[in-house]
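Asker: Take this structure first; my questions come after.
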Amino acid sequence: MSHEQNADLFTRAKSSIPGGVNSPVRAYGSVGGTPRFLVSAQGARVTDAEGTEYVDLVCSWGPAILGHAQPDVVRAVQEAAARGLSFGASTPAETELAELIRERVSVGGVSPIEKVRLVSTGTEATMTAIRLARGFTGRELLVKFAGHYHGHSDGLLAAAGSGLATLALPGSAGVTAATAGQTLVVPYNDLDALRAVFAEHGENIAGVIVEAASANMGVVPPKPGFNAALAEIAHAHGALVILDEVLTGFRVGPAGFWGLQAAAGEHYVPDLFTFGKVIGGGMPLAALGGRAEVMDHLAPLGPVYQAGTLSGNPVAVAAGLETLRRATPEVYAHLHRTADTLAATVSAALADAGVVHTVQRAGNLFSFVFAAEVPENYADVQAQDVYRYGPFFHAMLDAGINLPPSVFEAWFVSAAHDEAAVAEIIAALPAAARAAAEATAA
């Protein structure tokens, strides 16, 4: 199948943009082939520059929870833009969004978010949360988990050192050893490893940052009780817990993954949350929030500096408000039903083709691992038959289904994925599963 126009656009882009993309996963480096250059989207579908339409299971990496170009969200954005694109001053809508975030993150009378600071990106939210944890505690070290992604700030691009409790090494060129050395990287879902790190460095650890449910190495949920035990260990040593819900927040449920766990009886109270994706409704918007005692250490009240020209941008805030207001219980019920259907049918197709795999779930997020054992951490995920995903991905793409272009990503559904869209996905599965079965390692 020829994709000359997309190929020409990619060639042109590479002459003026590093790698031809503004975010690496878009280059199809994990799956090969020609990246699709999208020009429009509506509901559950996206259209590329050649006019080819695809049923979309990327959903802008999560924000399009209502579907692409949802009319009410578009109308809210248009009305806000007509009033002015940016003011460089406070607006009433910023407070409305902060209040809405605070109200939604509440289960059984527990409301862990008292104050909210709006920023522009998830990276900025996590970076600020870490600075705030250090400023509040007066400590320097941070604990993160291998395979968890919290944005691309230098201190978070850290790889595990040679020993369990050793300081991290740079995970990217341009990250200094001194910066990486302020981070401790431990295996995910391993409480003994976390206890060992605190035993060695506890008095110097400012905080632990963790994805509420890992969704950036594919979906790998926390073991039952892991997040609660993590919080107990951290708090026993005077460290803060930063729950990263940039991806899961308001996507897997009205109160995010923390809300799902709280409703299921797993109780813990993070000190700080980070949000992004859904709260911007497809616009550049993110946030951090937590208890007032910690949040009030941010400038202008406290000594921890943070600022942004476009923080709380009125157009982005309008999109976020309208999206959250329309993300109703009925929407979440639809997302869960659709995810259940697709996870089951993809798994059945792979099984019919003889492809060894496991299904990974965290609420309505799902992904597939080409391995027999259910993965619990990054090392487990890396050990799968990665080579099977590329042929599977391209078979689906040729059939008009747009999947995440990496096996290490979650799949997303939206309120716009109706029976017709789901039927198209299901129809494409047998051939894609056979492609995965026939794949061979390079």
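Asker: Check residue 382 against each of (1) within 30 Å of residue 254 (Cβ to Cβ); (2) within 19 Å of the chain's Cα centre (by Cα) and name the one condition it does not meet.
Answerer: (1)
Asker: Okay, moving on. Among the listed residues 226, 257, 250, which satisfies the condition of being in contact with a helix residue (DSSP H, G or I) (Cβ under 8 Å, 6 or more places away or on another chain) and closer than 23 Å to residue 96 by Cα?
Answerer: Details: 226 fails: closer than 23 Å to residue 96 by Cα; 257 fails: in contact with a helix residue (DSSP H, G or I) (Cβ under 8 Å, 6 or more places away or on another chain).
Only one candidate passes the filter, namely 250.
Asker: I'd like to check something: does the range 338-348 contain any residue that is assigned to a loop (DSSP other than H, G, I, E, B) and of a type in the set (Gly, Ala, Ser)?
Answerer: Just the residues of the range 338-348 that are assigned to a loop (DSSP other than H, G, I, E, B), to begin with: none.
No, the range 338-348 contains no residue that is assigned to a loop (DSSP other than H, G, I, E, B) and of a type in the set (Gly, Ala, Ser).
Asker: Does the range 15-65 hold any residues that are under 22 Å from residue 152 (Cα atoms) and of a type in the set (Lys, Arg), and which are they?
Answerer: The answer is 26, and nothing else.
Matching residues to (1) touching a residue at least 40 places away in the same chain (Cβ under 8 Å); (2) within 24 Å of residue 371 (Cα to Cα); (3) outside any loop (DSSP other than H, G, I, E, B):
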{"site": "311", "(1), (2), (3)": "yes, no, no"}
{"site": "318", "(1), (2), (3)": "yes, no, yes"}
{"site": "321", "(1), (2), (3)": "yes, no, yes"}
{"site": "325", "(1), (2), (3)": "yes, no, yes"}
{"site": "336", "(1), (2), (3)": "no, no, yes"}
{"site": "355", "(1), (2), (3)": "yes, yes, no"}
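Asker: Could you look through the range 35-52, keep only residues that are buried (at least 19 other Cβ atoms within 10 Å of the Cβ) and not in a strand (DSSP E or B), and pick out the one that is nearest to the chain's Cα centre (by Cα)?
Answerer: 44
Asker: Listed residues 24, 71; which is surrounded by fewer than 19 Cβ atoms within 10 Å (Cβ to Cβ) and under 20 Å from residue 416 (Cβ atoms)? Before the answer, list the steps.
Answerer: Working: 24 fails: under 20 Å from residue 416 (Cβ atoms).
Going through 24, 71 in turn, the sole match is 71.
Asker: Restricting attention to the range 254-275, which residues are assigned to a loop (DSSP other than H, G, I, E, B) and either among the aliphatic types (A, V, I, L, M) or without any contact (Cβ under 8 Å) to a residue 60 or more places away in the chain (or both)? Step through it out loud before you land on a result.
Answerer: Step one: filter the range 254-275 for residues assigned to a loop (DSSP other than H, G, I, E, B), giving 254-255, 264-271.
255, 264, 265, 266, 268, 269 - these are the residues of the range 254-275 that are assigned to a loop (DSSP other than H, G, I, E, B) and either among the aliphatic types (A, V, I, L, M) or without any contact (Cβ under 8 Å) to a residue 60 or more places away in the chain (or both).
Asker: Right, next: Could we say that residue 62 is more than 22 Å from residue 368 (Cβ to Cβ), surrounded by 18 or more Cβ atoms within 10 Å (Cβ to Cβ) and small (Gly, Ala, Ser) here?
Answerer: Values: more than 22 Å from residue 368 (Cβ to Cβ): no; surrounded by 18 or more Cβ atoms within 10 Å (Cβ to Cβ): yes; small (Gly, Ala, Ser): yes.
So residue 62 does not fit the description; no.
Asker: I want to confirm something. Restricting to the range 1-21 and keeping residues that are closer than 16 Å to residue 394 by Cβ and surrounded by 13 or more Cβ atoms within 10 Å (Cβ to Cβ), which single residue is modelled with the lowest pLDDT?
Answerer: From the range 1-21, those closer than 16 Å to residue 394 by Cβ are 1-3, 6-7, 10; that's our starting set.
Then keep just the ones that are surrounded by 13 or more Cβ atoms within 10 Å (Cβ to Cβ); that gives 3, 6-7, 10.
On the way: 3: 79, 6: 96, 7: 96, 10: 97.
The qualifying residue modelled with the lowest pLDDT is 3.
Asker: State whether the residues of the range 88-99 include one that is surrounded by 23 or more Cβ atoms within 10 Å (Cβ to Cβ), in contact (Cβ under 8 Å) with a residue 40 or more places away in the chain and not acidic (Asp, Glu). Talk me through it step by step, then tell me what you get.
Answerer: Applying the first criterion (surrounded by 23 or more Cβ atoms within 10 Å (Cβ to Cβ)) to the range 88-99 yields 97.
Next, only the ones that are in contact (Cβ under 8 Å) with a residue 40 or more places away in the chain stay: 97.
Those still in the list that are not acidic (Asp, Glu) too: 97.
Taking every residue of the range 88-99 in turn, at least one turns out to be surrounded by 23 or more Cβ atoms within 10 Å (Cβ to Cβ), in contact (Cβ under 8 Å) with a residue 40 or more places away in the chain and not acidic (Asp, Glu).
Asker: Report whether or not residue 269 is touching a Pro at 6+ places or on another chain (Cβ under 6 Å) and at pLDDT 95 or above.
Answerer: Numbers: touching a Pro at 6+ places or on another chain (Cβ under 6 Å): yes; at pLDDT 95 or above: yes.
It is true that residue 269 is touching a Pro at 6+ places or on another chain (Cβ under 6 Å) and at pLDDT 95 or above.
Asker: Just checking, which of 234, 212 is modelled with pLDDT of 95 or more, farther than 26 Å from residue 410 by Cα and in contact with a helix residue (DSSP H, G or I) (Cβ under 9 Å, 6 or more places away or on another chain)? I'd like the intermediate steps shown before the answer.
Answerer: On the way: 212 fails: farther than 26 Å from residue 410 by Cα.
Selected residue: 234, the only one of 234, 212 that is modelled with pLDDT of 95 or more, farther than 26 Å from residue 410 by Cα and in contact with a helix residue (DSSP H, G or I) (Cβ under 9 Å, 6 or more places away or on another chain).
Asker: Could I ask something else about it? Checking the conditions here, which among 203, 124 is closer than 30 Å to residue 312 by Cβ and either surrounded by fewer than 22 Cβ atoms within 10 Å (Cβ to Cβ) or in contact (Cβ under 8 Å) with a residue 24 or more places away in the chain (or both)?
Answerer: Values: 203 fails: closer than 30 Å to residue 312 by Cβ.
Result of the check over 203, 124: 124.
Asker: Need at least 1 residues that are of a type in the set (A, V, I, L, M) and within 16 Å of residue 273 (Cβ to Cβ) per element, so show me which helices (runs of 4 or more DSSP H) inside the range 68-148 make the cut, counting only ones lying wholly within it.
Answerer: Values: elements: 71-83, 92-104, 122-137.
Once the helices (runs of 4 or more DSSP H) in the range 68-148 are filtered for at least 1 residues that are of a type in the set (A, V, I, L, M) and within 16 Å of residue 273 (Cβ to Cβ), what remains is 92-104, 122-137.
Asker: Okay, moving on. How many residues are among the hydrophobic types (A, V, I, L, M, F, W, C) and under 18 Å from residue 101 (Cβ atoms) when one looks only at the range 316-348? Explain how you work it out, then say what you get.
Answerer: As a first pass, look at the range 316-348 and keep what is among the hydrophobic types (A, V, I, L, M, F, W, C): 316-319, 321, 324, 327, 331, 333, 335, 339, 342-344, 346, 348.
Next cut, under 18 Å from residue 101 (Cβ atoms) only: 316-319, 321, 324, 327, 331.
Result for the range 316-348: 8.
Asker: Could you figure out which of (1) surrounded by 23 or more Cβ atoms within 10 Å (Cβ to Cβ); (2) at pLDDT below 95 isn't true of residue 433?
Answerer: The number of the failed condition is (2).
Asker: Looking for whichever is aliphatic (A, V, I, L, M) and surrounded by fewer than 24 Cβ atoms within 10 Å (Cβ to Cβ) here; the options are 242, 233. Which one fits?
Answerer: Details: 242 fails: surrounded by fewer than 24 Cβ atoms within 10 Å (Cβ to Cβ).
Within the list 242, 233, the selection yields 233.
The values are calculated or read from the model by the stated rules, or taken from the named source; none is laboratory data. The structure presented is a predicted model; accordingly, all values stated were derived computationally and were not measured. Virtual Cβ from ideal backbone geometry, glycine too; neighbours counted across all protein chains shown.
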